[in-house]
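The values are calculated or read from the model by the stated rules, or taken from the named source; none is laboratory data. Please read all numbers here as calculations on a predicted model, not as lab measurements. Virtual Cβ from ideal backbone geometry, glycine too; neighbours counted across all protein chains shown. Surface accessibility is based on the protein's heavy atoms, side chains included, excluding ligands, DNA and RNA. Shrake-Rupley method; radii C 1.70, N 1.55, O 1.52, S 1.80 Å.
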Amino acid sequence: MAFDQLSTKLQDVFKQLKSKGKLSDKDVKLALREVKLALLEADVNFKVVKQFIKTIEERAVGTEVLESLTPGQQVIKIVNDELVALMGGTQSKITFASKGITPIMMVGLQGAGKTTTSGKLAALIKSQGKRPLLVGCDVYRPAAIDQLMKVGKQVNIPVFSLGTDHNPVDIAKAGMEYARENNFDVVLLDTAGRLHIDEVLMDELKFIKAEVKPREILLVVDAMTGQDAVNVAESFNEALGIDGIVMTKLDSDNRGGAALSVKAVTNKPIKYAGMGEKLSDLEPFHPERMASRILG
Ligand code: GDP
(Lines give C-alpha, C1' and ligand atoms only; values in the text may rest on other atoms or scores of the structure.)
Protein backbone atom coordinates (compact mmCIF):
# COMPACT_ATOMS: atom_id res chain seq x y z
CA MET A 1 0.00 0.00 0.00
CA ALA A 2 1.16 3.53 -0.76
CA PHE A 3 3.10 5.31 1.95
CA ASP A 4 3.85 2.14 3.95
CA GLN A 5 7.59 2.76 4.27
CA LEU A 6 7.16 6.47 4.84
CA SER A 7 4.48 5.81 7.40
CA THR A 8 6.66 3.43 9.41
CA LYS A 9 9.58 5.86 9.38
CA LEU A 10 7.55 8.90 10.38
CA GLN A 11 5.81 7.00 13.14
CA ASP A 12 9.23 6.02 14.56
CA VAL A 13 10.43 9.63 14.52
CA PHE A 14 7.29 10.89 16.21
CA LYS A 15 7.26 8.14 18.83
CA GLN A 16 10.65 9.39 20.00
CA LEU A 17 9.50 12.97 19.94
CA LYS A 18 6.41 12.20 22.01
CA SER A 19 8.40 10.23 24.57
CA LYS A 20 10.55 13.25 25.36
CA GLY A 21 8.13 15.53 27.16
CA LYS A 22 9.79 18.93 26.88
CA LEU A 23 11.45 19.66 23.56
CA SER A 24 14.24 21.99 22.53
CA ASP A 25 14.74 23.62 19.14
CA LYS A 26 17.46 21.09 18.57
CA ASP A 27 15.15 18.13 19.22
CA VAL A 28 12.70 19.45 16.65
CA LYS A 29 15.40 20.17 14.09
CA LEU A 30 16.82 16.67 14.48
CA ALA A 31 13.38 15.13 14.10
CA LEU A 32 12.71 17.23 11.00
CA ARG A 33 15.96 16.02 9.52
CA GLU A 34 14.68 12.48 9.87
CA VAL A 35 11.37 13.51 8.31
CA LYS A 36 13.25 15.05 5.41
CA LEU A 37 15.24 11.87 4.80
CA ALA A 38 12.11 9.75 4.99
CA LEU A 39 10.38 11.95 2.39
CA LEU A 40 13.36 11.84 0.06
CA GLU A 41 13.50 8.06 0.40
CA ALA A 42 9.81 7.97 -0.49
CA ASP A 43 10.82 9.70 -3.74
CA VAL A 44 9.13 13.00 -3.00
CA ASN A 45 10.39 15.78 -5.29
CA PHE A 46 13.49 17.41 -3.79
CA LYS A 47 12.22 21.00 -4.04
CA VAL A 48 8.89 20.00 -2.57
CA VAL A 49 10.63 18.40 0.41
CA LYS A 50 12.78 21.47 1.01
CA GLN A 51 9.83 23.84 1.05
CA PHE A 52 7.77 21.43 3.17
CA ILE A 53 10.44 21.16 5.88
CA LYS A 54 11.02 24.92 5.84
CA THR A 55 7.33 25.62 6.41
CA ILE A 56 7.14 23.13 9.27
CA GLU A 57 10.28 24.46 10.88
CA GLU A 58 8.92 27.99 10.81
CA ARG A 59 5.76 26.84 12.50
CA ALA A 60 7.27 24.36 14.97
CA VAL A 61 10.40 25.99 16.29
CA GLY A 62 9.35 28.62 18.77
CA THR A 63 8.12 29.06 22.28
CA GLU A 64 4.45 28.62 21.48
CA VAL A 65 4.94 25.03 20.41
CA LEU A 66 7.93 24.05 22.51
CA GLU A 67 6.56 25.39 25.77
CA SER A 68 3.14 23.88 25.29
CA LEU A 69 2.11 20.97 27.50
CA THR A 70 2.39 18.46 24.66
CA PRO A 71 5.08 19.74 22.28
CA GLY A 72 5.51 16.38 20.53
CA GLN A 73 1.81 16.27 19.70
CA GLN A 74 1.91 19.85 18.45
CA VAL A 75 4.74 19.09 16.06
CA ILE A 76 2.86 16.05 14.74
CA LYS A 77 -0.23 18.18 14.24
CA ILE A 78 1.77 20.70 12.21
CA VAL A 79 3.25 17.93 10.06
CA ASN A 80 -0.25 16.55 9.55
CA ASP A 81 -1.63 19.96 8.51
CA GLU A 82 1.20 20.49 6.05
CA LEU A 83 0.83 17.00 4.55
CA VAL A 84 -2.85 17.72 3.96
CA ALA A 85 -1.99 21.07 2.36
CA LEU A 86 0.67 19.40 0.21
CA MET A 87 -1.92 17.02 -1.23
CA GLY A 88 -4.33 19.81 -2.05
CA GLY A 89 -6.08 20.62 1.24
CA THR A 90 -9.62 19.51 0.62
CA GLN A 91 -11.06 16.92 -1.71
CA SER A 92 -11.28 18.12 -5.36
CA LYS A 93 -14.38 16.82 -7.04
CA ILE A 94 -15.20 16.68 -10.71
CA THR A 95 -18.06 18.96 -11.63
CA PHE A 96 -20.90 18.24 -14.00
CA ALA A 97 -22.64 20.54 -16.47
CA SER A 98 -25.95 21.77 -15.07
CA LYS A 99 -27.60 20.90 -18.36
CA GLY A 100 -26.57 18.96 -21.43
CA ILE A 101 -23.62 16.63 -21.65
CA THR A 102 -20.52 16.64 -19.47
CA PRO A 103 -17.60 15.54 -21.65
CA ILE A 104 -14.60 14.12 -19.78
CA MET A 105 -11.32 13.45 -21.59
CA MET A 106 -9.17 10.70 -20.16
CA VAL A 107 -5.53 11.17 -21.16
CA GLY A 108 -2.22 9.58 -20.25
CA LEU A 109 0.63 7.37 -21.36
CA GLN A 110 0.12 3.76 -22.34
CA GLY A 111 0.06 1.39 -19.39
CA ALA A 112 -0.81 4.05 -16.81
CA GLY A 113 -4.26 2.50 -16.38
CA LYS A 114 -6.32 4.86 -18.53
CA THR A 115 -8.74 2.36 -20.02
CA THR A 116 -9.31 0.58 -16.72
CA THR A 117 -9.78 3.94 -14.98
CA SER A 118 -12.26 5.11 -17.65
CA GLY A 119 -14.40 2.07 -16.81
CA LYS A 120 -13.98 2.55 -13.07
CA LEU A 121 -14.91 6.22 -13.27
CA ALA A 122 -17.90 5.55 -15.53
CA ALA A 123 -19.16 3.02 -12.96
CA LEU A 124 -18.69 5.51 -10.13
CA ILE A 125 -20.54 8.22 -12.06
CA LYS A 126 -23.34 5.80 -12.89
CA SER A 127 -23.70 4.98 -9.20
CA GLN A 128 -24.41 8.70 -8.67
CA GLY A 129 -27.49 8.38 -10.86
CA LYS A 130 -26.04 9.61 -14.14
CA ARG A 131 -25.99 8.02 -17.61
CA PRO A 132 -22.40 7.77 -18.80
CA LEU A 133 -21.22 6.68 -22.25
CA LEU A 134 -17.70 5.43 -22.94
CA VAL A 135 -16.12 6.42 -26.26
CA GLY A 136 -13.10 4.57 -27.67
CA CYS A 137 -10.77 7.08 -29.36
CA ASP A 138 -7.61 4.96 -29.36
CA VAL A 139 -7.33 3.94 -33.00
CA TYR A 140 -3.70 2.88 -32.87
CA ARG A 141 -4.11 -0.34 -30.94
CA PRO A 142 -7.10 -2.49 -31.96
CA ALA A 143 -6.68 -4.23 -28.59
CA ALA A 144 -7.41 -0.92 -26.84
CA ILE A 145 -10.97 -0.74 -28.21
CA ASP A 146 -11.55 -4.43 -27.42
CA GLN A 147 -10.34 -3.79 -23.89
CA LEU A 148 -12.68 -0.81 -23.49
CA MET A 149 -15.58 -2.93 -24.79
CA LYS A 150 -14.73 -5.60 -22.24
CA VAL A 151 -14.48 -3.08 -19.40
CA GLY A 152 -17.78 -1.47 -20.49
CA LYS A 153 -19.49 -4.83 -20.47
CA GLN A 154 -18.20 -5.63 -16.98
CA VAL A 155 -19.60 -2.40 -15.53
CA ASN A 156 -22.67 -2.50 -17.75
CA ILE A 157 -22.00 0.80 -19.51
CA PRO A 158 -22.37 1.24 -23.29
CA VAL A 159 -19.26 1.82 -25.39
CA PHE A 160 -19.35 3.89 -28.57
CA SER A 161 -16.74 3.03 -31.18
CA LEU A 162 -16.11 3.42 -34.89
CA GLY A 163 -13.31 0.87 -34.85
CA THR A 164 -9.81 1.88 -35.88
CA ASP A 165 -10.47 3.21 -39.41
CA HIS A 166 -11.50 6.71 -38.36
CA ASN A 167 -9.75 9.78 -37.12
CA PRO A 168 -10.00 10.14 -33.29
CA VAL A 169 -11.47 13.65 -33.62
CA ASP A 170 -14.28 12.32 -35.84
CA ILE A 171 -14.91 9.50 -33.38
CA ALA A 172 -15.11 11.98 -30.50
CA LYS A 173 -17.54 14.12 -32.47
CA ALA A 174 -19.69 11.15 -33.48
CA GLY A 175 -19.62 9.90 -29.87
CA MET A 176 -20.95 13.24 -28.63
CA GLU A 177 -23.73 13.17 -31.24
CA TYR A 178 -24.63 9.62 -30.29
CA ALA A 179 -24.76 10.65 -26.62
CA ARG A 180 -27.05 13.59 -27.42
CA GLU A 181 -29.42 11.46 -29.48
CA ASN A 182 -29.58 8.74 -26.85
CA ASN A 183 -29.87 10.88 -23.72
CA PHE A 184 -26.53 10.17 -22.12
CA ASP A 185 -25.40 12.95 -19.82
CA VAL A 186 -21.70 12.15 -19.34
CA VAL A 187 -19.27 11.17 -22.10
CA LEU A 188 -15.93 9.65 -21.11
CA LEU A 189 -13.45 9.71 -23.97
CA ASP A 190 -10.72 7.10 -23.71
CA THR A 191 -7.97 8.72 -25.80
CA ALA A 192 -4.87 7.05 -27.19
CA GLY A 193 -1.91 6.49 -24.93
CA ARG A 194 1.63 6.43 -26.29
CA LEU A 195 4.82 5.11 -24.83
CA HIS A 196 6.32 8.59 -24.71
CA ILE A 197 5.00 12.11 -24.79
CA ASP A 198 5.36 13.42 -28.32
CA GLU A 199 4.02 16.26 -30.39
CA VAL A 200 1.74 14.04 -32.45
CA LEU A 201 0.04 12.72 -29.31
CA MET A 202 -0.37 16.22 -27.89
CA ASP A 203 -1.68 17.65 -31.17
CA GLU A 204 -4.26 14.91 -31.42
CA LEU A 205 -5.40 15.58 -27.86
CA LYS A 206 -5.58 19.32 -28.58
CA PHE A 207 -7.80 18.67 -31.61
CA ILE A 208 -10.13 16.46 -29.55
CA LYS A 209 -10.19 19.12 -26.84
CA ALA A 210 -11.14 21.80 -29.39
CA GLU A 211 -13.88 19.58 -30.77
CA VAL A 212 -15.61 18.36 -27.59
CA LYS A 213 -14.72 21.23 -25.21
CA PRO A 214 -14.32 18.89 -22.25
CA ARG A 215 -15.50 19.96 -18.84
CA GLU A 216 -12.71 17.89 -17.32
CA ILE A 217 -9.41 16.68 -18.71
CA LEU A 218 -8.21 14.00 -16.33
CA LEU A 219 -4.65 12.78 -16.58
CA VAL A 220 -4.09 9.18 -15.52
CA VAL A 221 -0.62 8.50 -14.10
CA ASP A 222 0.96 5.45 -12.53
CA ALA A 223 2.08 6.07 -8.92
CA MET A 224 4.71 3.36 -9.23
CA THR A 225 6.69 5.44 -11.73
CA GLY A 226 7.44 8.01 -9.00
CA GLN A 227 8.90 11.29 -10.20
CA ASP A 228 8.38 10.23 -13.84
CA ALA A 229 4.66 10.48 -13.14
CA VAL A 230 5.18 14.02 -11.87
CA ASN A 231 7.17 14.95 -14.99
CA VAL A 232 4.47 13.46 -17.21
CA ALA A 233 1.88 15.54 -15.35
CA GLU A 234 3.93 18.69 -15.83
CA SER A 235 4.28 18.05 -19.58
CA PHE A 236 0.60 17.29 -20.13
CA ASN A 237 -0.41 20.30 -18.12
CA GLU A 238 1.86 22.62 -20.04
CA ALA A 239 0.86 21.31 -23.46
CA LEU A 240 -2.82 20.60 -22.97
CA GLY A 241 -3.96 22.06 -19.66
CA ILE A 242 -5.40 19.43 -17.32
CA ASP A 243 -8.07 19.77 -14.65
CA GLY A 244 -7.03 16.96 -12.39
CA ILE A 245 -5.08 13.77 -11.93
CA VAL A 246 -6.03 10.18 -11.32
CA MET A 247 -3.17 8.47 -9.50
CA THR A 248 -3.37 4.75 -10.24
CA LYS A 249 -1.73 1.74 -8.59
CA LEU A 250 -1.46 3.39 -5.18
CA ASP A 251 -2.15 -0.11 -3.85
CA SER A 252 1.13 -1.38 -5.32
CA ASP A 253 3.33 1.65 -4.70
CA ASN A 254 4.87 1.57 -1.24
CA ARG A 255 6.72 4.88 -1.57
CA GLY A 256 4.05 7.43 -2.39
CA GLY A 257 6.41 10.13 -3.71
CA ALA A 258 4.34 10.92 -6.80
CA ALA A 259 1.14 11.34 -4.81
CA LEU A 260 2.90 13.69 -2.40
CA SER A 261 4.62 15.82 -5.05
CA VAL A 262 2.28 16.22 -7.98
CA LYS A 263 -0.02 18.93 -6.63
CA ALA A 264 2.87 21.12 -5.48
CA VAL A 265 4.67 20.76 -8.81
CA THR A 266 1.75 21.15 -11.23
CA ASN A 267 -0.79 22.97 -9.06
CA LYS A 268 -3.39 20.45 -10.27
CA PRO A 269 -5.12 18.25 -7.71
CA ILE A 270 -5.38 14.49 -7.55
CA LYS A 271 -9.10 13.84 -7.89
CA TYR A 272 -9.15 10.04 -7.72
CA ALA A 273 -6.90 7.21 -6.58
CA GLY A 274 -6.74 3.78 -8.20
CA MET A 275 -6.48 1.22 -5.43
CA GLY A 276 -6.46 -2.09 -7.33
CA GLU A 277 -7.20 -3.92 -10.55
CA LYS A 278 -10.88 -4.51 -9.88
CA LEU A 279 -13.31 -2.10 -11.51
CA SER A 280 -14.62 -1.08 -8.11
CA ASP A 281 -11.14 -0.07 -6.92
CA LEU A 282 -11.36 3.68 -7.51
CA GLU A 283 -11.69 6.17 -4.65
CA PRO A 284 -12.14 9.93 -4.53
CA PHE A 285 -8.81 11.28 -3.26
CA HIS A 286 -9.10 12.72 0.25
CA PRO A 287 -5.94 14.59 1.36
CA GLU A 288 -6.99 14.42 5.05
CA ARG A 289 -7.50 10.66 4.96
CA MET A 290 -4.22 10.13 3.12
CA ALA A 291 -2.37 12.20 5.73
CA SER A 292 -3.96 10.18 8.53
CA ARG A 293 -2.95 7.01 6.74
CA ILE A 294 0.64 8.23 6.65
CA LEU A 295 0.84 9.40 10.25
CA GLY A 296 -1.12 6.44 11.63
P1 GDP B 1 -3.78 2.01 -20.37
O2 GDP B 1 -2.77 1.49 -21.36
O3 GDP B 1 -3.34 3.30 -19.76
O4 GDP B 1 -5.16 2.07 -20.90
O5 GDP B 1 -3.73 1.00 -19.14
P6 GDP B 1 -4.72 -0.18 -18.73
O7 GDP B 1 -6.02 0.35 -18.31
O8 GDP B 1 -4.68 -1.24 -19.77
O9 GDP B 1 -3.98 -0.69 -17.41
C10 GDP B 1 -2.67 -1.24 -17.42
C11 GDP B 1 -2.54 -2.25 -16.28
O12 GDP B 1 -2.61 -1.59 -15.04
C13 GDP B 1 -3.66 -3.29 -16.25
O14 GDP B 1 -3.10 -4.55 -15.96
C15 GDP B 1 -4.56 -2.82 -15.13
O16 GDP B 1 -5.26 -3.87 -14.50
C17 GDP B 1 -3.55 -2.21 -14.18
N18 GDP B 1 -4.14 -1.19 -13.29
C19 GDP B 1 -4.85 -0.08 -13.61
N20 GDP B 1 -5.17 0.62 -12.52
C21 GDP B 1 -4.67 -0.04 -11.46
C22 GDP B 1 -4.66 0.19 -10.03
O23 GDP B 1 -5.19 1.19 -9.50
N24 GDP B 1 -4.01 -0.74 -9.27
C25 GDP B 1 -3.40 -1.84 -9.81
N26 GDP B 1 -2.80 -2.70 -9.00
N27 GDP B 1 -3.38 -2.07 -11.13
C28 GDP B 1 -4.00 -1.20 -11.95
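For segment 258-291, give me the residue count where each residue is on the phi > 0 side of the Ramachandran plot and within 13 Å of the ligand (Cβ to nearest atom). So the answer is 1.
Matching residues to (1) touching a strand residue (DSSP E or B) at 6+ places or on another chain (Cβ under 9 Å); (2) acidic (D, E); (3) closer than 22 Å to Q147 by Cβ:
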site: G193; (1), (2), (3): yes, no, yes
site: H196; (1), (2), (3): no, no, yes
site: D203; (1), (2), (3): no, yes, no
site: K206; (1), (2), (3): no, no, no
site: G226; (1), (2), (3): no, no, no
site: P269; (1), (2), (3): yes, no, no
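Just a yes or no: is a residue in segment 52-64 under 30 Å from A144 (Cα atoms) and either within 16 Å of the ligand (Cβ to nearest atom) or outside any helix (DSSP H, G or I) (or both)? Checked segment 52-64: no residue is under 30 Å from A144 (Cα atoms) and either within 16 Å of the ligand (Cβ to nearest atom) or outside any helix (DSSP H, G or I) (or both).
Residues in segment 51-77 that are under 21 Å from A264 (Cα atoms), in contact (Cβ under 8 Å) with a residue 12 or more places away in the chain and either open to solvent by 40 Å² or more (accessible area, probe 1.4 Å) or in contact with a strand residue (DSSP E or B) (Cβ under 8 Å, 6 or more places away or on another chain) (or both): Q51, E57, R59. Selection of helices (runs of 4 or more DSSP H) fully inside segment 110-186 by the criterion of at least 1 residues being among the small types (G, A, S) and open to solvent by 30 Å² or more (accessible area, probe 1.4 Å) returns 114-127, 142-155. Please enumerate the residues belonging to segment 3-50 that are open to solvent by less than 40 Å² (accessible area, probe 1.4 Å), part of a helix (DSSP H, G or I) and farther than 25 Å from R289 by Cβ. Residues satisfying the conditions are D27, V28.
Scanning segment 187-196 for residues that are among the aliphatic types (A, V, I, L, M) and either more than 16 Å from the ligand (Cβ to nearest atom) or surrounded by 15 or more Cβ atoms within 10 Å (Cβ to Cβ) (or both), which turns out farthest from G241 (Cα to Cα)? The extreme case among them is V187. Residues in segment 204-260 that are open to solvent by 60 Å² or more (accessible area, probe 1.4 Å) and either assigned to a helix (DSSP H, G or I) or of a type in the set (A, V, I, L, M) (or both): K206, F207, K209, A210, E211, M224, T225, D228, N231, E234, E238.
Flag: A291 does not match the condition of being in contact with a strand residue (DSSP E or B) (Cβ under 7 Å, 6 or more places away or on another chain), over 24 Å from V135 (Cβ atoms) and buried (at least 17 other Cβ atoms within 10 Å of the Cβ).
Close Cβ contacts (under 7 Å, 6 or more residues apart or on different chains) running from residues in segment 96-125 that are at positive phi to residues that are more than 8 Å from the ligand (Cβ to nearest atom) comprise G108/L219; G108/V221.
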